[in-house]
Amino acid sequence: MATFGATANTNPNKSFEVTPSPADSISSLSFSPRADILVATSWDNQVRCWEISRSGTSLASAPKASISHDQPVLCSAWKDDGTTVFSGGCDKQAKMWPLLSGGQPVTVAMHDAPIVDMAWIPGMNLLVTGSWDKTLRYWDTRQQTPVHTQQLPDKCYALSVKHPLMVVGTADRNLIVFNLQNPQTEFKRIVSPLKYQTRCVTAFPDQQGFLVGSIEGRVGVHHLDDSQQNKNFTFKCHRDGNEIYSVNALNFHPVQGTFATAGSDGAFNFWDKDSKQRLKAMSRCSQPIPCSSFNHDGSIYAYASCYDWSKGAENHNPATAKSSIFLHLPQESEVKAKPRVTTGRK
């Protein structure tokens, strides 16, 4: 039985550590789409922001500001112009924080249960929030009430937007696809190709499909076009012998089109879906990785290392469970797509 021991290496990949680190487990990481500004949400009710600067292969982090929610914060998103941060969580509300102008946060969305994921939709100038209350709600941030409330078949677990594509993963392994040019109608509903609970989803950069990750150490690659179904496949990852770990985060590289997975085994890996290859496997940290994010040009990969509560409160040891945010500088060889390997006779 593999365990996370206090003596294990907390930073085996020699990543740069962002300080000061949050006092409790980190739930989301989001880089600004315009600058190297990183936001983290955490279970200590805080939303924190750092400015990241780079000189060659060395990095520095400077804490900029922070705001509070009344309860643990679970998710975050940026406005596409990089001026504003949104955050949501267990207090059932989403806040809008005009970070660049130094303004105060205001509540711009409310649900009847915790908000677990959110995204800004640039093509519509709306914020979309997904909740355990089994709804998606679209918000014009200048109004008190949602522009539209979309009923879901079950609790929202994850969502991803690449306008006009939006993919929502719910309980009962439903994956609901929306064409945001007609957001009030489901475009397609799919049962997940993975047999176990959905943990994360992310839309392809070209809007032609999505990735889905489950608690059973597996990722599904799914194309929306019926003529592309032969390209669909699933693969195993974040496993160690008989030990199986959750896939917690999926991030596409913004330039290369390859992607990263991060898991409860404490590892992150880089993959190329088109050649069906793992490009690089990184060393395992001593704690799970619950969330991760690439910066706007893919030159920095941020990941959190902390207890993820997957083994319950009884396995949480505050003495050894330090929450850390690390920054990795991906080498081109780790993230650049490889030529497809062709087999068969000529």
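Considering (1) crowded, with 18+ Cβ neighbours inside 10 Å; (2) closer than 17 Å to residue 34 by Cα; (3) in contact with a Gly (Cβ under 8 Å, 6 or more places away or on another chain), the lone condition that residue 100 does not fulfil carries the number (1). Here residue 213 passes the criteria (1) open to solvent by 10 Å² or more (accessible area, probe 1.4 Å); (2) closer than 16 Å to residue 174 by Cα except the one numbered (1). Taken over segment 79-90, residues that are crowded, with 19+ Cβ neighbours inside 10 Å and over 17 Å from the mean Cα position of the chain (by Cα) amount to 2. Just name the residue that is least open to solvent (accessible area, probe 1.4 Å) out of those in segment 53-68 that are more than 22 Å from residue 85 (Cα to Cα) and not β-branched (Val, Ile, Thr). Ranking the qualifying residues of segment 53-68, first place goes to 59. Cβ-Cβ distances below 8 Å connect no pair with a first residue in segment 183-212 that is closer than 11 Å to residue 160 by Cα and in contact (Cβ under 8 Å) with a residue 12 or more places away in the chain, a second residue that is of a type in the set (Val, Ile, Thr) and open to solvent by 80 Å² or more (accessible area, probe 1.4 Å), and a separation of six or more residues or different chains. Only one of the listed residues (100, 74) is of a type in the set (A, V, I, L, M, F, W, C) and over 22 Å from residue 292 (Cα atoms). That residue is 100. Checked against (1) at pLDDT 95 or above; (2) open to solvent by 60 Å² or more (accessible area, probe 1.4 Å), residue 131 passes all but a single condition, namely (2). Filtering 145, 149, 202 for residues that are polar (S, T, N, Q) and not in a strand (DSSP E or B) leaves a single hit, 145. Assessment of segment 290-304 against the conditions (assigned to a loop (DSSP other than H, G, I, E, B), in contact (Cβ under 8 Å) with a residue 40 or more places away in the chain, under 17 Å from residue 213 (Cα atoms) and touching a Ser or Thr at 6+ places or on another chain (Cβ under 6 Å)) yields at least one matching residue. So in segment 293-308, with the set limited to residues that are buried (at least 22 other Cβ atoms within 10 Å of the Cβ) and of a type in the set (A, V, I, L, M, F, W, C), which one is farthest from residue 31 (Cα to Cα)? Among those residues, the one meeting the criterion is 306. Which of the residues spanning segment 210-221 are at negative phi and touching a Lys or Arg at 6+ places or on another chain (Cβ under 9 Å)? Those that are at negative phi and touching a Lys or Arg at 6+ places or on another chain (Cβ under 9 Å): 210, 211, 212, 213, 214, 215, 216, 218, 219, 221. Can you find even one residue in segment 273-290 that is crowded, with 20+ Cβ neighbours inside 10 Å, within 14 Å of the chain's Cα centre (by Cα) and modelled with pLDDT of 95 or more? The answer is yes, given that some residue of segment 273-290 is crowded, with 20+ Cβ neighbours inside 10 Å, within 14 Å of the chain's Cα centre (by Cα) and modelled with pLDDT of 95 or more. Scanning segment 155-199 for residues that are part of a strand (DSSP E or B), touching a Ser or Thr at 6+ places or on another chain (Cβ under 6 Å) and among the polar types (S, T, N, Q) returns 160, 198.
The values are calculated or read from the model by the stated rules, or taken from the named source; none is laboratory data. This is a predicted model, so every value here is computed, not measured. No Cβ is skipped: glycine too gets one built from the backbone with ideal geometry, and neighbour counts run over all protein chains shown. These area figures cover heavy atoms from the full protein model, side chains too; ligands, DNA and RNA do not enter into them. Shrake-Rupley method; radii C 1.70, N 1.55, O 1.52, S 1.80 Å.
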